[in-house]
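I have placed the structure first, in the form of structure tokens, so that the comments after it can refer back to it.
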Amino acid sequence: MTALKPLALSASALALTVGMAQADSPALIFDLGGKFDKSFNEAAYNGAERWREETGGSYREIEMQSAAQRVQFARRMAEAGSNPIVVMGFQNAPTLEEVAPDYPDTSFVLVDAVVDLPNVRSVIFAEHEGSFLVGMLAAMASETDTISFVGGMEIPLITAFACGYAQGARAVNPDIEIIVNYTGSTPEAWNDPVRGSEIASGQISQGSDVVFAAAGGTGLGVLQTAEDEGVFSIGVDSNQNHLHPGSVLTSMLKLVDQAVYDAFTEGPDMETGVVLMDLASDGVGYAVDEHNEHLISAEMSEAVEEARAAIISGELTVHDYRTDSTCPAF
Amino acid sequence: MDWIMVVQVLDSTLRLATPLLFACLAGLISERAGVFDIGLEGKMLAAAFMAAAIAYATGNVWLGVASAIVASVGISLLHGVAAITFRGNQLISGVAINFLAAGLTVVIAQNWFSQGGRTPSLSGGGRMPRLDLPFADALRDVPVLGPIYSGILSGHALLVYIAFLCVPATWFLLFRTRFGLRLRAVGENPAAVDTAGISVVGLRYGAVAIGGVLCGLAGAYLSTGLSAGFVQEMTAGRGFIALAAMIFAKWRPWHAMGAVLLFGFLEAVANRFQSIEILGVGLPVQAMQALPYILTVVILAGFVGKAIPPRAVGTPYVKEH
């Protein structure tokens, strides 16, 4: 046993590598799910890397291994003098409520939730608007008139994706069948591709031929199963079209990278308060690239662009589930 | 809930029960020989990683399965060295293995593939093919028998069938062979076995190694059969569910199969029926997802009766001089 101890310790120490950088440089704290989740956290990483390449600056980064480390890591970065500190994930709202008041001279950026403190910038996204557009695409691509959604956890944020998606689909086809499932209620729900895959194959056997996954690493299993079964899938957060070219219909983009890039660029003196990234500010959208352009017909993109313009101009409003916990399309 | 849906749920049950069954039998054999095996989770995880990594590198899923077994047996032997040879605390050694696997798989995966602790997605020959049983197509339209045979039993990866064949094999090994008799004796009264001139240490190593092979198959099936690649912590607690199933089955192979099928069924149901209404009352998603765990507690606390482990489990054997 004594021989094993140092091994186990060094393994956990290795998992907690902190990027080296001097004080006063910006810092980025990834949420559970990890830096390379091909989704939310990876988008943040890409934004930070873009800033590094363009400015030649350096930044600190840290990956959380468990929920218990939230406060500890935020404090550690603040103590080390990093400024600004970008913290990823809605689950860090209580973290910043606790930590930010203790470091009034440090600017914090919270991505995906709102904390009302003078030194915190809260970046939130209009996920319902982006999901509305991919919902339209899904309804137009579906031949069985049944589409589905796999969410990581049934929480307001994820349900807002589902609700926007359903509204978009109903806007195209009021009678469309929409199956909504969630993977779990523990943090593992974001990292269980096996379960994602089982849920997706269940939905497909119920007739769904477009599956939208908003479930972090679990979504990779969903996308894989969609390809295996020969139906379409829709990726989330980052552009996931390249994962299964020809099967991923599109990806619902959240420009998390832009939010991180902006925060790093503006530095410690940034304006705080709530920043809403919506369709109008290009903060959300849908991805079209060489991997999926042949899947989106001219007719489809015309309809979606029209809806996009209508949402931006305010002619069309997409209901946000988070405002009143109801969804007109369910 | 129609007939087709029942078939789909049972089909999914078989797939989800397979890794549990391998792991459960692994724990069963190890504990029957008197060695606690808390490290099922870690061994499965390491095996899942090796299977995916080697299958990706070579494009051959069976090489992946072989290296998964090697990795898992290697870790089992580490457990053996700590718990049998050096008579360390078996529980702590198992917990250490879980941590070791959780950390090492991610670090090695990051080093080899630089994709943040995951392996690249497998495709083609790197994934476990699904087998159609003979006459599955011909029997598809036969009433009752057709859906059961073609819909539920046919069309799984080879390892699913191997897992279920392991049940009678384990039973035979434990209860009908000399090795099995000695193995059970070593878990109940190692001093008696030693008196008979049989090596306690050798038998326990043998049991732990067999457990390693089974965990290797469980992990390989997770990453190459059930999904297409490794992601960190992908076992998601299945090793512990397998331990619960083992206690529920009171360390008996046939009962173990029943227990893992029940757990697999609950997981399949939780996946499939999330927004159902039962008798006009809508059940929240969370309730459905918590169901397998609630039932685990209820079953273990209420229905299992007295589960008596092998008497010598957890105690290292010290030879009298």
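Of all residues in segment A:28-68, those satisfying the criterion of being of a type in the set (A, V, I, L, M, F, W, C) and assigned to a helix (DSSP H, G or I) are A:Phe40, A:Ala43, A:Ala44, A:Ala48, A:Trp51, A:Ala67, A:Ala68. Of the residues making up segment A:90-121, those that are under 18 Å from A:Ala48 (Cβ atoms) and surrounded by 23 or more Cβ atoms within 10 Å (Cβ to Cβ) number 7. Residues that are crowded, with 19+ Cβ neighbours inside 10 Å and in contact with a Pro (Cβ under 7 Å, 6 or more places away or on another chain) do occur in segment A:57-66. For segment B:218-246, name all the residues that are within 19 Å of B:Val95 (Cα to Cα) and over 14 Å from the mean Cα position of the chain (by Cα). Passing the criteria: B:Gln232, B:Glu233.
Report yes if some residue within segment A:109-123 is farther than 21 Å from A:Ala67 by Cβ, of a type in the set (Gly, Ala, Ser) and in contact (Cβ under 8 Å) with a residue 12 or more places away in the chain; otherwise report no. There is no residue in segment A:109-123 that is farther than 21 Å from A:Ala67 by Cβ, of a type in the set (Gly, Ala, Ser) and in contact (Cβ under 8 Å) with a residue 12 or more places away in the chain.
This table checks each residue for (1) of a type in the set (A, V, I, L, M); (2) assigned by TED's automatic domain parsing to the domain that holds A:Arg170.
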{"site": "A:Gly273", "(1), (2)": "no, no"}
{"site": "A:Asp282", "(1), (2)": "no, no"}
{"site": "A:Gly285", "(1), (2)": "no, no"}
{"site": "A:Glu302", "(1), (2)": "no, yes"}
{"site": "A:Glu306", "(1), (2)": "no, yes"}
{"site": "A:Ala310", "(1), (2)": "yes, yes"}
{"site": "A:Glu315", "(1), (2)": "no, yes"}
{"site": "A:His319", "(1), (2)": "no, yes"}
{"site": "A:Ala329", "(1), (2)": "yes, no"}
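Restricting attention to segment A:140-162, does a residue exist that is farther than 28 Å from B:Ala236 by Cα and of a type in the set (Phe, Trp, Tyr)? Scanning segment A:140-162 turns up no residue that is farther than 28 Å from B:Ala236 by Cα and of a type in the set (Phe, Trp, Tyr). Residues that are under 20 Å from the mean Cα position of the chain (by Cα), of a type in the set (Val, Ile, Thr) and facing chain A (nearest Cβ under 9 Å) within segment B:96-118 comprise just one, B:Ile97.
Here's the yes/no breakdown for (1) farther than 29 Å from B:Ala287 by Cβ; (2) at pLDDT below 95; (3) in contact with a Phe, Trp or Tyr (Cβ under 8 Å, 6 or more places away or on another chain):
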site: A:Glu127; (1), (2), (3): no, yes, yes
site: A:Leu133; (1), (2), (3): yes, no, yes
site: A:Leu137; (1), (2), (3): yes, no, yes
site: A:Met153; (1), (2), (3): no, yes, yes
site: A:Pro156; (1), (2), (3): no, yes, yes
site: A:Thr159; (1), (2), (3): no, yes, yes
site: A:Ser201; (1), (2), (3): no, yes, no
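Residue-level analysis places B:Gly27 among those that are assigned to a helix (DSSP H, G or I), buried (at least 24 other Cβ atoms within 10 Å of the Cβ) and more than 14 Å from every other protein chain (Cβ to nearest Cβ). Scanning segment A:199-217 for residues that are surrounded by fewer than 24 Cβ atoms within 10 Å (Cβ to Cβ) and within 7 Å of chain B (Cβ to nearest Cβ) gives a single hit, A:Ser205. Within segment B:225-247, which residues are in contact (Cβ under 8 Å) with a residue 40 or more places away in the chain, under 19 Å from A:Lys38 (Cα atoms) and of a type in the set (Gly, Ala, Ser)? Within segment B:225-247, B:Ala228, B:Gly229 qualify.
Could you check segment A:261-297 and list, in sequence order, the residues that are charged (D, E, K, R) and surrounded by fewer than 17 Cβ atoms within 10 Å (Cβ to Cβ)? Passing the criteria: A:Glu266, A:Asp269, A:Glu271, A:Asp282, A:Asp289, A:Glu290, A:Glu293. Could you tell me whether segment B:237-244 includes any residue that is assigned to a loop (DSSP other than H, G, I, E, B), in contact with a Leu (Cβ under 8 Å, 6 or more places away or on another chain), charged (D, E, K, R) and closer than 30 Å to B:Gly124 by Cβ? No, segment B:237-244 contains no residue that is assigned to a loop (DSSP other than H, G, I, E, B), in contact with a Leu (Cβ under 8 Å, 6 or more places away or on another chain), charged (D, E, K, R) and closer than 30 Å to B:Gly124 by Cβ. Being more than 21 Å from A:Thr146 (Cα to Cα), among the aliphatic types (A, V, I, L, M) and touching a Pro at 6+ places or on another chain (Cβ under 9 Å) is a property that A:Met277 lacks. On inspection, B:Ile84 passes the criterion of being more than 9 Å from every other protein chain (Cβ to nearest Cβ), out of contact with any strand residue (DSSP E or B) (no Cβ under 7 Å at 6 or more places or on another chain), in contact (Cβ under 8 Å) with a residue 12 or more places away in the chain and surrounded by 22 or more Cβ atoms within 10 Å (Cβ to Cβ).
Any idea how many residues of segment A:26-38 are away from chain B (no Cβ under 11 Å) and either of a type in the set (Val, Ile, Thr) or in contact (Cβ under 8 Å) with a residue 60 or more places away in the chain (or both)? Result for segment A:26-38: 4. The listed residues are A:Leu243, A:Leu220, and the only one of them that is within 14 Å of chain B (Cβ to nearest Cβ), of a type outside the set (D, E, K, R), more than 20 Å from A:Thr159 (Cβ to Cβ) and surrounded by fewer than 24 Cβ atoms within 10 Å (Cβ to Cβ) turns out to be A:Leu243. Taken over segment B:88-114, the criterion of being assigned to a loop (DSSP other than H, G, I, E, B) and in contact (Cβ under 8 Å) with a residue 60 or more places away in the chain is satisfied by B:Gly88 alone. Can you find even one residue in segment B:130-149 that is within 11 Å of another protein chain (Cβ to nearest Cβ), at negative phi and part of a loop (DSSP other than H, G, I, E, B)? No, that holds for no residue.
The set of residues in segment A:256-283 being aliphatic (A, V, I, L, M), part of a loop (DSSP other than H, G, I, E, B) and more than 30 Å from A:Glu143 (Cα to Cα) consists of A:Met270, A:Ala280. Can you say whether A:Thr225 is facing another protein chain (nearest Cβ under 10 Å), over 26 Å from A:Met64 (Cα atoms) and not charged (D, E, K, R), as far as the supplied structure shows? Here the answer is yes, as A:Thr225 does meet what is asked. Filtered by the rule that a residue be over 15 Å from B:Gly27 (Cβ atoms) and crowded, with 24+ Cβ neighbours inside 10 Å, segment B:243-266 gives a lone residue, B:Gly264.
The values are calculated or read from the model by the stated rules, or taken from the named source; none is laboratory data. All figures in this text were calculated on a predicted structure; none of them were measured in a lab. All Cβ positions, glycine included, derive from the backbone under ideal geometry; neighbour counts span all protein chains shown.
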